[in-house]
1. Can you name the number of the only condition in (1) over 30 Å from B:Ser249 (Cβ atoms); (2) more than 11 Å from every other protein chain (Cβ to nearest Cβ); (3) polar (S, T, N, Q) that B:Ser152 fails?
2. If we keep just the residues of the range A:180-208 that are hydroxyl-bearing (Ser, Thr, Tyr) and out of contact with any strand residue (DSSP E or B) (no Cβ under 6 Å at 6 or more places or on another chain), which is nearest to B:Ser135 (Cα to Cα)?
3. Scan the range B:191-209 and tell me whether some residue there is closer than 22 Å to B:Ser172 by Cα and among the aliphatic types (A, V, I, L, M).
4. Test B:Ser152 against the criterion of being surrounded by fewer than 21 Cβ atoms within 10 Å (Cβ to Cβ), part of a loop (DSSP other than H, G, I, E, B) and at negative phi, and give yes or no.
5. Residues that are at negative phi, of a type in the set (A, V, I, L, M, F, W, C) and within 13 Å of another protein chain (Cβ to nearest Cβ): find the strands (runs of 3 or more DSSP E) completely inside the range A:182-252 holding 2 or more of those.
6. Out of A:Gly159, A:Gly126, report the one residue that is among the small types (Gly, Ala, Ser), surrounded by 23 or more Cβ atoms within 10 Å (Cβ to Cβ) and either touching a strand residue (DSSP E or B) at 6+ places or on another chain (Cβ under 9 Å) or under 24 Å from A:Leu248 (Cα atoms) (or both).
7. Can you pull out the residues in the range B:48-73 that are away from every other protein chain (no Cβ under 14 Å), acidic (Asp, Glu) and in contact with a helix residue (DSSP H, G or I) (Cβ under 9 Å, 6 or more places away or on another chain)?
8. Listed residues A:Val127, A:Val165; which is in a strand (DSSP E or B), more than 12 Å from chain B (Cβ to nearest Cβ), under 21 Å from A:Ala223 (Cβ atoms) and not charged (D, E, K, R)?
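The values are calculated or read from the model by the stated rules, or taken from the named source; none is laboratory data. The structure presented is a predicted model; accordingly, all values stated were derived computationally and were not measured. Ideal geometry is used to build each Cβ from the backbone, glycine not excepted, and the neighbour counts take in all protein chains shown.
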Amino acid sequence: MTSTATLSPLSVAARVAVTIDGLFATIDAWRDLLQAHLEAAPTPTAATLDPIVEAFAMPALADDGLITGAGFVAAPGLLSDAQWHLAWWLAGTRGIRRLAAIDDPSSEQFRDYTSLEWWRLPARTGVRHVTGPYVDYVCTDDYTVTITTPVAVGGRLLGVVGTDVLVDRLERELLPLMRASGEPIAIVNGLGRVVTATDSRLEPGSMLRLDGLTEALEPLRAAEPARVEARLASGADVLACGDTSLALVVGS
Amino acid sequence: MPNATGHQDAARSVVFAPLDGAGRAELVEQRLTDAIVSGVLRDGERLPSESDLSRSLGVALVTARDALEGLRDRGLVRTRRGRDGGSFVTYDRDSAARMLESRVRGHSRIELRDLALHVSAIAGTAAEIAADRASQDDIESLLSIGANADLSTAGGARRALGRFQLEVAAISQSPRLVREEVRLQSEAGPLLWLCLREQEYRDSSAASRTRVIEAIRAVDPPAARAATISQATAALDWLVREKMRLEASADLTRQGVR
C-alpha cells in the first residue's frame with residue numbers, strides 16, 4: 001500500500017454530493033431569476049424570456065465546467081407567442097448553439113416534451129430530478145445526465161429549468177475521488193444503472209445486478225435519500241450521496 | 001502504381017465530393033417522396049416552408065426549393081398561394097403505387113438484402129444490449145409505444161415501429177447505435193418497411209414488439225436479437241417477392257401476353 005491518504009466511503013459519498021450540489025445551486029439561482037421575472041410578468045412571451053435564459057445559459061456553457069447544456073422549457077400554453085417552447089443552449093465541438101426544437105405539434109418530428117422523464121418527474125413531484133444516465137437523442141445526442149427543477153409561481157408549474165452534463169465529464173470528475181478510497185465503488189442512480197465504477201468491467205450505463213439492490217435503492221426513487229442505508233447479501237454497502245438521487249455501492 | 005489503392009481513392013473521392021447542388025436536392029426529394037409514399041406524411045398535410053425545410057435539413061434554400069419543385073412536378077405536392085398557403089401533400093393512390101413500383105424495382109435483390117442486413121445488424125445489436133441494460137421504467141416506455149400504436153394505417157404502423165426501435169437503441173445506452181438507428185430509419189426505413197401497407201404485416205409488427213419486450217423483460221439478449229432480426233427478414237422477404245411479382249408482370253406486358 002503506497003497510498004498515504006485514503007478517503008472513507010462516507011467521505012466519498014459526501015464529496016460526490018458536493019460536486020453535484022454545485023450544479024443544483026447554479027440551477028436554483030436560475031430558477032429564482034425566472035420565478036421573479038414570471039411573477040412580475042402577467043403575460044410572459046418567448047421574446048422577453050429567451051434573452052433572460054440566454055444570459056445565464058451562455059456563460060455557464062462557455063465556462064469549461066461540467067455543464068454541456070442549459071436552459072428553460074416552458075409549460076405548454078404559458079407563453080402567449082409560443083404554445084410549446086424550449087429555450088435551451090448546447091455546447092459542442094463547434095461552439096455554443098441553440099437547440100433547434102420542433103415546436104409545431106402537427107409536425108412529424110414534434111415530441112411532446114411533457115412525456116419525457118426530465119419534464120414528467122419534476123412536474124409530478126414538484127422537486128428537482130436527475131434523469132439518466134441516458135442517451136439524450138432530443139438535445140445533446142450523447143450520453144447524458146439531465147438535472148431539472150420546476151419553475152412555479154403560486155403553486156402553478158410554469159416550466160422546468162436545468163442543465164445537461166455529459167457522463168464522460170462527470171466520470172472524469174468523480175472517478176479520482178472514488179479511487180482514493182482504495183475500495184471497489186460504483187455510483188448508481190435510483191434504478192441501479194451505473195454512472196461510473198472503479199471496476200473496469202463495470203461499464204457506465206450497465207445495470208448493477210445485485211440481490212437486494214433494487215429494494216435498497218427504493219428511497220432514492222421515492223426522493224427520500226436519507227432513508228438509504230443497507231448492507232446487501234453480498235456484503236456490499238449502499239450509501240446515498242447527499243440528496244443527489246445517486247448512491248454509492250461499496251464492496252462487491 | 002496508383003491504381004493499387006484504387007478502392008481507397010474511390011472512398012476518398014466520396015469524402016470530398018461536393019455536397020451542394022443537384023445531388024442534395026435529389027436526396028431531399030427522395031426523402032420526402034419516401035415519406036409520402038409510405039404514408040408517414042399524410043394526404044393534405046402541410047409541409048414545412050422552404051426556409052424551415054432548408055434549416056431543419058441543413059441545406060441551402062435553393063436546394064429545398066428545387067426539391068419541392070421536383071415533388072410538385074411528380075404530383076406529390078400541391079402549392080397554394082395566399083394567407084393559408086403552402087405546400088400540401090397530395091396522396092394520389094395511382095401515382096403513389098407507380099412511385100412504389102419504381103422504387104422497389106430500382107434496387108437489385110442484392111441491394112435489398114444488404115439493406116435488411118444492415119438494419120438487422122444495428123437494430124438486432126441494440127435489442128441484444130438493451131435486454132441487458134433495460135430498467136423497469138424502460139420496459140414501461142416500450143409498452144406504452146405499443147399501446148399507442150395506430151395499426152390501422154401504414155404510416156401509423158411505421159411510426160410505431162420507428163419509435164420502438166429508436167427507444168430500444170436508446171435503452172442500449174449507446175449514443176452510436178442511436179445515431180446509426182436514426183440515420184438508417186430515414187435511409188432504409190421507407191423501403192424496408194413497405195410491407196406495412198398490408199394489415200397482416202402491421203399485426204405481425206405488433207406481435208414482434210411483444211416478443212422483443214418479453215425478451216428484454218426476461219434479460220434474454222439472444223431472444224431479443226432474434227425477434228428483432230426475424231421482423232427485418234420477413235420485411236425483406238415481402239420486398240423481394242413484391243419486386244419479382246412486379247418484374248414478372250412487366251415482362252408479360254412486354255411480351256404482349258397481357
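1. (1)
2. First, pick out the residues of the range A:180-208 that are hydroxyl-bearing (Ser, Thr, Tyr): A:181, A:196, A:198, A:200, A:206.
From what's left, out of contact with any strand residue (DSSP E or B) (no Cβ under 6 Å at 6 or more places or on another chain): A:181, A:200.
Values: A:Ser181: 29, A:Ser200: 22 Å.
Checking each candidate, the answer is A:Ser200.
3. Of the residues in the range B:191-209, the ones closer than 22 Å to B:Ser172 by Cα are B:205-209.
Okay, now just the ones that are also among the aliphatic types (A, V, I, L, M), so B:206-207.
Yes, the range B:191-209 has at least one match.
4. Values: surrounded by fewer than 21 Cβ atoms within 10 Å (Cβ to Cβ): yes; part of a loop (DSSP other than H, G, I, E, B): yes; at negative phi: yes.
Here the answer is yes, as B:Ser152 does meet what is asked.
5. Details: elements: A:185-189, A:194-197, A:237-240, A:246-250.
Where strands (runs of 3 or more DSSP E) fall fully within the range A:182-252 and carry at least 2 residues being at negative phi, of a type in the set (A, V, I, L, M, F, W, C) and within 13 Å of another protein chain (Cβ to nearest Cβ), they are A:194-197.
6. Working: A:Gly126 fails: surrounded by 23 or more Cβ atoms within 10 Å (Cβ to Cβ).
On inspection, the qualifying residue turns out to be A:Gly159.
7. B:Glu50, B:Asp66, B:Glu69, listed by residue number.
8. Values: A:Val127 fails: in a strand (DSSP E or B).
Within the list A:Val127, A:Val165, the selection yields A:Val165.
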